[in-house]
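This report concerns only the one structure given below.
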Protein chains: 4
Amino acid sequence: MKKLFFPLIILSLAFMPQKKTKVIFFGDSITQAGANAGGYIPRIDSMCKKEGLGDRFEFVGAGISGNKVYDLYLRMDEDVLAKSPDVVIIYIGVNDVWHKATSGTGTDADKFEKFYNAILKKLKDRNIKVILCTPAAIGEKVDFSNQQDGDMNAYSNIIRGIAQKNNLPLVDLRKSFLDYNLKNNTENKDRGILTTDRVHLNAKGNQLVADEMWNAIKK
Amino acid sequence: MKKLFFPLIILSLAFMPQKKTKVIFFGDSITQAGANAGGYIPRIDSMCKKEGLGDRFEFVGAGISGNKVYDLYLRMDEDVLAKSPDVVIIYIGVNDVWHKATSGTGTDADKFEKFYNAILKKLKDRNIKVILCTPAAIGEKVDFSNQQDGDMNAYSNIIRGIAQKNNLPLVDLRKSFLDYNLKNNTENKDRGILTTDRVHLNAKGNQLVADEMWNAIKK
Amino acid sequence: MKKLFFPLIILSLAFMPQKKTKVIFFGDSITQAGANAGGYIPRIDSMCKKEGLGDRFEFVGAGISGNKVYDLYLRMDEDVLAKSPDVVIIYIGVNDVWHKATSGTGTDADKFEKFYNAILKKLKDRNIKVILCTPAAIGEKVDFSNQQDGDMNAYSNIIRGIAQKNNLPLVDLRKSFLDYNLKNNTENKDRGILTTDRVHLNAKGNQLVADEMWNAIKK
Amino acid sequence: MKKLFFPLIILSLAFMPQKKTKVIFFGDSITQAGANAGGYIPRIDSMCKKEGLGDRFEFVGAGISGNKVYDLYLRMDEDVLAKSPDVVIIYIGVNDVWHKATSGTGTDADKFEKFYNAILKKLKDRNIKVILCTPAAIGEKVDFSNQQDGDMNAYSNIIRGIAQKNNLPLVDLRKSFLDYNLKNNTENKDRGILTTDRVHLNAKGNQLVADEMWNAIKK
C-alpha cells in the first residue's frame, strides 16, 4: 500500500504550483527608480528568467524616495513583513549621509547602526533572509574628493561590520562602484559613469547593481 | 440582606491595595535630568503627596539624552510598553530642531509628525492615556531672536495640531515659557530665567513644568 | 559791475549739467532681480521722475545672486567704490542665514557684524552716504514659525544695532514686511503676499521696498 | 686694483646689519597654537638657528582661532601687510570645511577659491613671497572614513590648483599627514598620531609641519 501511495504524492507535488522565493528590495529613491523599466529589479528578473529560474523567484520593489534607515524601520511592518518575503535586500544609507549637508537632517552614525540592527532583528525573528548593501556613491570622483566620501566610507564600514558580526551576505556596492570608476572614470568626473546625477543609477549602474545582487540572491 | 452586604464590599475595597496610576515621562535629556533630585518628576511626586494622593500615583522617568522623536519610537516597546503604564507624557522635539544646526542630524518636519503619530498609535492600541507637550525653548530671548525660534514654533504647531486632531491633552510648555519670559525676562537674556543653558531647566523651570504637568495629570 | 556779474553766474549754473546723486543698490539676488523691469530699482526711478527729480538722481543696481556679507566686502572696490557713488544702499543678510540650513555655508553672527562694519568703514572713509536695510523674509508666515525667523530677527537686530551706533538711516524691511503680513496675510501663508517663493519679491513686495527706500533716499 | 677692492666690499657687507627675512605664518587655531612653546614656529626658529641662519630669518605667528579664508582676507591689511613681511605662509581651510557640519557656517568651495586668490593678489601686488599649505586633517583614519575626508581633499585640490597655476611653492600637509599615517597609524585611529584631537597638532605633528615648512622657506 505504502509503495503505491508514495509515488502519487511525489507526482502531485511535482504538479503543484511551487511556492516562489519572494525577494523584497527595501530602500530609498535608488530602489524606487530601480523598479522602473530599465532599473535593476526588472534586470534581475530578466536574468533570472534567462537562467530558467523564472518560476522560482518573485521580485518586489519597496523603495521610497528620501528614505533613511529610520524610515525603513517605521514602515517595515506594512511594506515588508505584511508581504511575507523570504529574502529582503536592504539598500540604504545615501540620504542618512547626504541630508546632513542639504537640509541638516541626516542620521548620526550611532543611530544609523542602532536602527539598522533593529530592522535586522525584526527580520531575523521571522526567519527572513537578509542581504545587506553598502551605499554606492554620492559623486563618482576617484580621488576621494566627493564631499561625502568620508562619511560614505564610514557608514559603509558600519554596514560591513554588521554583516560580518551577524554573518550576513553583503553586496558591497560602495567597493564595486569605486573599483569600476577607478578603471573607467579616467577623467575623474563626478557623474555619468554609473550614475546620472552623482547618486541615481544610469543603465550601466543599474546593470552593475543587478549583477551583484543577482549573484547574492542565487547563493 | 442587601443593605448589610453593600457596606461590606465597600469596606473590603477600601482595604484592598489600590492599583496606582503609573505615569511615565518619556523624553530626552530634559526629562532625564527631570528625574534627578530637584527635577520636575520628584517635584510632581511631592505635590501629589502633599495633596494626599500619594497612594494613587506612581511616577517613572524615561528620558534619554540626545533623543529625538524616532529614538522614542525605537525604544518605546522596551522602555514604555513593557512597563504597562496608564499614562505617558511625551516631551520631545528640542533635539529634532537643534541638531539641524549643531550636527546636521535634526528631523524633517514631516517625519517628525509621522513618528509622533506612530508613537501615539501604539499607545492608543493599548489604551494608554497620553499627554503631549510642546518643546519649551532653545534660548529664552523674548524678541523672537533665538536662532531656532522659527523651527521651535513650527514643530510646536505640529504637536498642537496632533493634540487637537486626536482630542488629546496638551501641556503647551512653549507657550508657558514664552509667557513667563515675557513677564520676567526684562533684559532679553537667552538663559537664566527658566533654563541654565538655554535648554535645560533650572529650579524655576522644573517647577513650572511640574505645575503644568501635574495639573494635566490630575485631570 | 557786481550787480551785473552775479546774475550771469546764476544763469550759467542753471544751464550747467548738474551732477546727479549716484545711488548704488548693493546686495544679493533680491537686488539683482530688483534691477529688472518691475523690480524695485526701476520703480524708484519712476517715482523719482514723477516727482520731477529725474535730473537729480541716478540709480545703479549691484546685486549678485548668492551673495553674503563677505561677498559684498570682497567685490566692493570694483563694484561700488570704482563707480564713485554718493549713496550706497546695503541690502544683505538672507543668504548669511539661509545657507546655514541649505548647504552648511551660512555666516556666523559675529562675523556678519565684523564684515558689515568693515564695509561701512570703507564707505565712510570716502564720505559715501550709506543706508542700511534689514533682510525682509525667508517665509511670510505671521505666527513666527518660518524656519529661519529666529535667526532673521537676530541678524536684523545686528543691523539695527549698527545703524543706531553709527547714526545711519535704516530701512527696516524685516519690520515692514512683518507689519504688512500681519494685516494682509490672514491665512498664514508662507509666500505669495510680498514674495513669490518666500524670499524673492513679487510686484507688491517690489513696490513696498521701492516706497521705503525712496523715502530714505530723499531724506 | 680690482683684487684689492673686492674683498673690501665683501668685508663691509659682512659688517652691515643685515635685514632679516620676515616670515609670517598666517592661519587659524593650528597656527595660533603653532606659535606657542613646542609649536611648529619655535621649532622652525630652533632649526634655523642650529643651521647658523638665526640672523637671516625672523618668524612671526599670525594665527587666530576659528579663522576661515575670508577672515584672513579681512584682517590681512592689519595683521600681515602692515608688518611688511618678505614671506607669508598661508595655512587655512580646516574651518572652511569643518564648520559646515558643526555650525552650518563653512565656506562654499567656489568662494574659498575666490578669497584665496584675492589674498594672493594683495600679496603679489607688494612683491611678498607666498608659500601655500593644504589643510592637514580632520581625523587621522587611514581608510578615508573621516567624515570630512572628501571635502578636505576637494579643498586641498583647490589649493594645489592655485599653487600650480601661479607657480607658487606648496607645502602639501594633507599629503604628508596621510603618508605618515599610512605608515604609522596601523590601528586606524582618528587621533593621537600627529594630532591630539583629530585637528590640532601634537609634538610629532608640530615637528612634521616644522620640517616641511622650513624646507620650503629655505628654498
Find the residue count for the range B:86-102, including only residues that are among the charged types (D, E, K, R) and free of Cβ contacts under 8 Å to residues at least 60 places away in the same chain.
2
Pick from the range B:103-127 the residues that are under 21 Å from D:G104 (Cα atoms) and free of Cβ contacts under 8 Å to residues at least 24 places away in the same chain: which of them is farthest from the other protein chains (Cβ to nearest Cβ)?
B:S103
Please work out if C:L132 is of a type in the set (A, V, I, L, M, F, W, C), touching a Phe, Trp or Tyr at 6+ places or on another chain (Cβ under 9 Å), over 28 Å from D:F112 (Cα atoms) and modelled with pLDDT of 95 or more.
no
Looking only at the range B:169-219, which residues are assigned to a loop (DSSP other than H, G, I, E, B) and among the β-branched types (V, I, T)?
B:T186, B:I193, B:T196, B:V199
Every residue in the range B:128-172 that is facing chain C (nearest Cβ under 9 Å), aliphatic (A, V, I, L, M) and surrounded by 24 or more Cβ atoms within 10 Å (Cβ to Cβ), please.
B:M152
Scanning for something small (G, A, S) and surrounded by 20 or more Cβ atoms within 10 Å (Cβ to Cβ), does the range C:102-125 turn up at least one residue?
yes
Going through the range B:18-40 one residue at a time, which ones are closer than 20 Å to B:E78 by Cα, among the hydroxyl-bearing types (S, T, Y) and either touching a Ser or Thr at 6+ places or on another chain (Cβ under 6 Å) or crowded, with 24+ Cβ neighbours inside 10 Å (or both)?
B:S29, B:T31
Do any residues in the range D:161-186 that are within 22 Å of D:K129 (Cβ to Cβ) have Cβ atoms under 9 Å from those of residues that are at pLDDT below 95, where the two are at least six apart or on different chains, and which pairs are they?
D:P169/D:K219
Matching option when the condition is among the hydrophobic types (A, V, I, L, M, F, W, C) and within 22 Å of B:K20 (Cβ to Cβ), among B:L132, B:L123
B:L123
Among the candidates A:D96, A:D79, A:D45, residue that is surrounded by fewer than 23 Cβ atoms within 10 Å (Cβ to Cβ) and within 14 Å of another protein chain (Cβ to nearest Cβ)
A:D79
Checking the condition farther than 30 Å from A:I138 by Cα, out of contact with any Cys (no Cβ under 7 Å at 6 or more places or on another chain) and of a type in the set (D, E, K, R), which residue from D:K122, D:K165, D:K183, D:K189 passes?
D:K122
Restricted to the range C:36-66, and to residues that are of a type in the set (A, V, I, L, M) and over 12 Å from the mean Cα position of the chain (by Cα), which residue is nearest to C:S103 (Cα to Cα)?
C:I64
Which one is farthest from C:N127 (Cα to Cα) among residues in the range C:60-76 that are more than 12 Å from chain D (Cβ to nearest Cβ) and not hydrophobic (A, V, I, L, M, F, W, C)?
C:S65
Please enumerate the residues belonging to the range D:116-151 that are over 19 Å from D:V87 (Cα atoms) and hydrophobic (A, V, I, L, M, F, W, C).
D:A136, D:A137, D:I138, D:V142, D:F144
Going through the range B:128-162 in order, the residues found to be aliphatic (A, V, I, L, M), closer than 15 Å to B:I89 by Cα and in a helix (DSSP H, G or I) are B:I159, B:I162
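The values are calculated or read from the model by the stated rules, or taken from the named source; none is laboratory data. None of the values given here were measured: they were computed from a predicted structure. Every residue, glycine as well, gets a Cβ built from its backbone with ideal geometry; the counts of neighbours run over all protein chains shown.
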